[in-house]
1. Sort through F:A2, F:A51 and tell me the only one that's more than 7 Å from chain A (Cβ to nearest Cβ), at pLDDT below 55 and surrounded by fewer than 21 Cβ atoms within 10 Å (Cβ to Cβ).
2. Looking at C:L129, C:L94 in this structure, which one is assigned to a helix (DSSP H, G or I), in contact with a Ser or Thr (Cβ under 7 Å, 6 or more places away or on another chain) and surrounded by fewer than 22 Cβ atoms within 10 Å (Cβ to Cβ)?
3. (1) within 7 Å of another protein chain (Cβ to nearest Cβ); (2) among the small types (G, A, S); (3) closer than 24 Å to C:S92 by Cβ: which one isn't true of C:S199, the others all being true?
4. For the stretch A:132-142: of the residues being assigned to a helix (DSSP H, G or I) and of a type outside the set (A, V, I, L, M, F, W, C), which is surrounded by the fewest Cβ atoms within 10 Å (Cβ to Cβ)?
5. When you scan the stretch E:152-196, how many residues do you find that are among the small types (G, A, S), facing another protein chain (nearest Cβ under 8 Å) and free of Cβ contacts under 8 Å to residues at least 40 places away in the same chain?
6. When only residues in the stretch B:39-48 that are in contact (Cβ under 8 Å) with a residue 12 or more places away in the chain and assigned to a helix (DSSP H, G or I) count, which is surrounded by the fewest Cβ atoms within 10 Å (Cβ to Cβ)?
7. Can you pull out every residue in the stretch C:110-129 that is more than 7 Å from every other protein chain (Cβ to nearest Cβ) and within 18 Å of B:A139 (Cβ to Cβ)?
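The values are calculated or read from the model by the stated rules, or taken from the named source; none is laboratory data. Keep in mind that this is a model prediction, so the values were computed, not measured. Quick reminder, even Gly has a Cβ in these numbers, built from the backbone with ideal geometry, and neighbours come from all protein chains shown.
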6 protein chains.
Amino acid sequence: MAKPVKPAHARKTAKTKAKPQPSSAAADDTEIVALALPPAELSDGMRAYFAKCEEKLGFVPNVLKAYGFDNAKLEAFVAMYNDLMLAPSGLSKLEREMIAVAVSAHNRCYYCLVAHGAAVRALSGDPMLGELMVMNYRAARLSKRHRAMLDFAVKLTAEPWAVEDEHREALRKAGFSDRDIWDIAATAGFYNMSNRIASATDMRPNTVYHKQAR
Amino acid sequence: MAKPVKPAHARKTAKTKAKPQPSSAAADDTEIVALALPPAELSDGMRAYFAKCEEKLGFVPNVLKAYGFDNAKLEAFVAMYNDLMLAPSGLSKLEREMIAVAVSAHNRCYYCLVAHGAAVRALSGDPMLGELMVMNYRAARLSKRHRAMLDFAVKLTAEPWAVEDEHREALRKAGFSDRDIWDIAATAGFYNMSNRIASATDMRPNTVYHKQAR
Amino acid sequence: MAKPVKPAHARKTAKTKAKPQPSSAAADDTEIVALALPPAELSDGMRAYFAKCEEKLGFVPNVLKAYGFDNAKLEAFVAMYNDLMLAPSGLSKLEREMIAVAVSAHNRCYYCLVAHGAAVRALSGDPMLGELMVMNYRAARLSKRHRAMLDFAVKLTAEPWAVEDEHREALRKAGFSDRDIWDIAATAGFYNMSNRIASATDMRPNTVYHKQAR
Amino acid sequence: MAKPVKPAHARKTAKTKAKPQPSSAAADDTEIVALALPPAELSDGMRAYFAKCEEKLGFVPNVLKAYGFDNAKLEAFVAMYNDLMLAPSGLSKLEREMIAVAVSAHNRCYYCLVAHGAAVRALSGDPMLGELMVMNYRAARLSKRHRAMLDFAVKLTAEPWAVEDEHREALRKAGFSDRDIWDIAATAGFYNMSNRIASATDMRPNTVYHKQAR
Amino acid sequence: MAKPVKPAHARKTAKTKAKPQPSSAAADDTEIVALALPPAELSDGMRAYFAKCEEKLGFVPNVLKAYGFDNAKLEAFVAMYNDLMLAPSGLSKLEREMIAVAVSAHNRCYYCLVAHGAAVRALSGDPMLGELMVMNYRAARLSKRHRAMLDFAVKLTAEPWAVEDEHREALRKAGFSDRDIWDIAATAGFYNMSNRIASATDMRPNTVYHKQAR
Amino acid sequence: MAKPVKPAHARKTAKTKAKPQPSSAAADDTEIVALALPPAELSDGMRAYFAKCEEKLGFVPNVLKAYGFDNAKLEAFVAMYNDLMLAPSGLSKLEREMIAVAVSAHNRCYYCLVAHGAAVRALSGDPMLGELMVMNYRAARLSKRHRAMLDFAVKLTAEPWAVEDEHREALRKAGFSDRDIWDIAATAGFYNMSNRIASATDMRPNTVYHKQAR
């Protein structure tokens, strides 16, 4: 064999960045969806909500701006989202985000993988866990609880018609209460909705997510 | 060939009903989901909403009772549902119900097919249209508008990752506005959520739907 | 939240039927298949068979009329159909119809779902059982015998290459004899044939089935 | 690189046959199906039919022996088979066998691939055509007529629910009459039935087919 | 029923060969791939390798000629192929060929099924085993070792993302060492590569394979 | 609606990192595969190659260490890899890495997505392009050339049996030569091999990739 050659996938960053190309995602922050939907007049509540996002996060998540063409739809989405992802639950916030990403990975939803992948990295303090959820949750070294949770969520995503008592029972054996089972199902269901709205509209995530919690 | 025999699928009802079996769905109205979720205290708004259902429909749809274990979740669901299915839109209410059933047929969701199949029958005054949406929307003699709408909704259900500009463009060519496209996507998305919550919990539809608008 | 709104899927039939639309299936009884196949001269046996259908059922099932372009094909179909669905067997006639519908549901065959869905409703005296077979047999509360029977029939429909000893053994454990296993396989096989002939020709079911045994 | 080595896939037959193993298919001719189904008394017609098979072919095809547990089922099968595969049609006998094999290849049915693969080799005088039908009909250099015919048959096998006017129209453009379309559909349908009965019962083909028309 | 008719699939070869058609595969030996790739100057080693193929086999396998447009690619392919299929291993050469065919059957690769199907026939001295690997390995009467080996190889082909500890453990239980597991995986992987290169280029197998070891 | 709540997916990193969990991937660099394969004596060439990796990259890619149990296999892999990814080609190195990632995304291969996702980020200088290849290449704003290239590679990955002249022709229309088509096919093929070897052995990528070129 000829003399060894440096594998391409292991090359140093400095040199290869010498000839940057125009970013494939440069317009993400200016054109959020592929639909022409002029922004609506928002309610006081929603304006305050957007202001709080800016203050605390430094930006308004693009999904909220996307819904901003209709105040009633925005309010309904925010109410359901906040209840689902932030309200008290037997599932930790990280667990809910793990479900979000594993479901979005099955559905290959760019928006949700970027935004919620960042959330998993941030909430877990484990950047690799975020990548594992995006790439293949089966490759992660998960607790039995987390594996059972994600197996249920992904089965429910892939073949909802075939979810039966045995699958609920597997969750109970992994320590989940019936209320927790609802929350797993509702979270998996919610991202099956959001993934489709994002894909249908070519929704683009805020660029800032990419560098978060790496 | 021997003498003709009466095909089983065409036998008269009177005789074959002579020996009724215990109904395979008899408990639908008493055990709504396969999870033990004690009912919560509902808000005044939700109690009034349930009362209005009773008054106008004669019953409370089981999906609402299922959500009744948590008032906040119930309110968020009702708000999103009512906006999506009843608020002004470029899509008629019947069109939204057709999407609901075509999506639920792909996902083989018993609850949603029963409840929304009845809605299609009722809103259209065409019982066969309800059956066609349940069985195979491609077999229905649909207008180009309706076919494009359902093709998009079902593609988005089956392969959300592969929905692209060409699919949005097909809707525009069929006369849909960008706002309509959002509504088609949001309706398809919503039932992809509801189908999964119903399947995950083995939600049973109110028996009364079966006989409606036949 | 604003005042409660009546859910669309629960609306009363009377009002919504006020503006009937042209039926999406109105031509079903006049154009049975999407192929131009002039009717053949039928044999005495087949003419008598059609007459008996008219007398006992009030109509000739459209599948028979569809085959009527060729007397030999019609006779072969009728002979196989009658043996399969009506001859003595370890499977009841209802069980054979349940297989017919579960297989046709997998294949989303409009003709067979309408005709045999009616047969399940009629033979069982349980309208909901018919709907469950059409929508998702896994959601029905079935005996172990019926569940094993349908699991085998649908597996054989979806992945015939993967049916092996373990699947035959599961039927034996559920109480089926080897002869019964043949009958399950032959019935599932027959509808995998009929579903495809119906779909290939866009065969339309007799309208009368829709209202039977509701 | 080290000295060239003889590729295993190109090794001479003589040497490699030196250590024959017990044949993986040795019992094919003695145990035809994996079900215990004692042979029935056959009618005179069927006995004569078996005798004619022995006389003309030197054997009775195993599928006929498999059906031999019930004379009525055997007669119905033989009647449909002979009409479908041998009666006058716009499709040649070879074309009908090509459909049989392409459908059976999709369904990976061992029995039908062996028996009808031999028929394609024999009827065409082209052993490679038989192999191509078994392995991947898309790799064969087919006339437009044959490609259209097999595309329809395989689409109807894989996704019967999605066969529509455009697919029938493609056949008409390739020169098929409406009657031919029925025959293509009926042949594809028949093997979708037979493949499943063969797979469900682990039916074994007569060993003699393997060497025919190579 | 009318008088018995000779089943088409059992007809004698002699007669049906009376009207041979132009072979559907006649150009296989002259146009090896569907790409215009002029042959490169080969190294001494590769020329010697081709000469040895001619001497020992009577022909150069077409896959080698296909790679002959680039000597470096040819050498790399030959080195990997020979190590994988001929080097010492816990897997016999026949076992490696069985994996090759079962994987190629899943991927429906005409080139590899022809070339390696012949190898299985030759190495096993069992022509039917070759056919079974091509048609459906599940239908073969295999030892537990061989069944486990092929189940792993085909699962890895169909759903690589879902291969986990339990699947490796099943191989260990069937008596395979960890080194054997690597070899099974590497062989299955290699044909997943080769199948795709062959399909992408419409690679045609040497005609001579068809008659080998029947 | 109650007062706005900060969406979980947008939370600041600092706080959420307060309670780091044990990393889900902590053992990646010490246990490279799930098989017990003691390292072999490497040839001088391979030792020099590893040393050069250490010198230039700061680490030896784990895939090379994984192959290190057998020097001949390692050499064959390295020779093929280097020719494929680094030798002169009508495809740029970035294009070859884009194919690697799009194929690995279809196959959900954790190892390859991590290692080659980093390579796409590094070679393009566009971190988002790497993410898009991992998550859904269809969501990237690609040139027609790149879209055609990846459509071919992913089709070849998902359905190799259905790749035909029309797909090669689409590449030619996008400006690719026949030699380029080979290179696209060979690259896609190679990762279909590597993905499966990595998944079969649970291969873990070097942790260092995760932070590269973000």
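1. After ruling out the rest, the residue left standing is F:A2.
2. C:L94
3. (3)
4. Just the residues of the stretch A:132-142 that are assigned to a helix (DSSP H, G or I), to begin with: A:132-135, A:137-139.
Next, only the ones that are of a type outside the set (A, V, I, L, M, F, W, C) stay: A:137-138.
Numbers: A:Y137: 27, A:R138: 20.
Among those residues, the one meeting the criterion is A:R138.
5. 3
6. B:G45
7. C:Y111, C:C112, C:G117 - these are the residues of the stretch C:110-129 that are more than 7 Å from every other protein chain (Cβ to nearest Cβ) and within 18 Å of B:A139 (Cβ to Cβ).
Yes/no per residue for (1) within 30 Å of C:A34 (Cβ to Cβ); (2) surrounded by 24 or more Cβ atoms within 10 Å (Cβ to Cβ); (3) modelled with pLDDT under 95:
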{"site": "D:R121", "(1), (2), (3)": "no, yes, no"}
{"site": "D:A153", "(1), (2), (3)": "yes, yes, no"}
{"site": "D:E159", "(1), (2), (3)": "yes, no, no"}
{"site": "D:V163", "(1), (2), (3)": "yes, no, no"}
{"site": "D:N206", "(1), (2), (3)": "no, yes, no"}
{"site": "D:H210", "(1), (2), (3)": "no, no, no"}
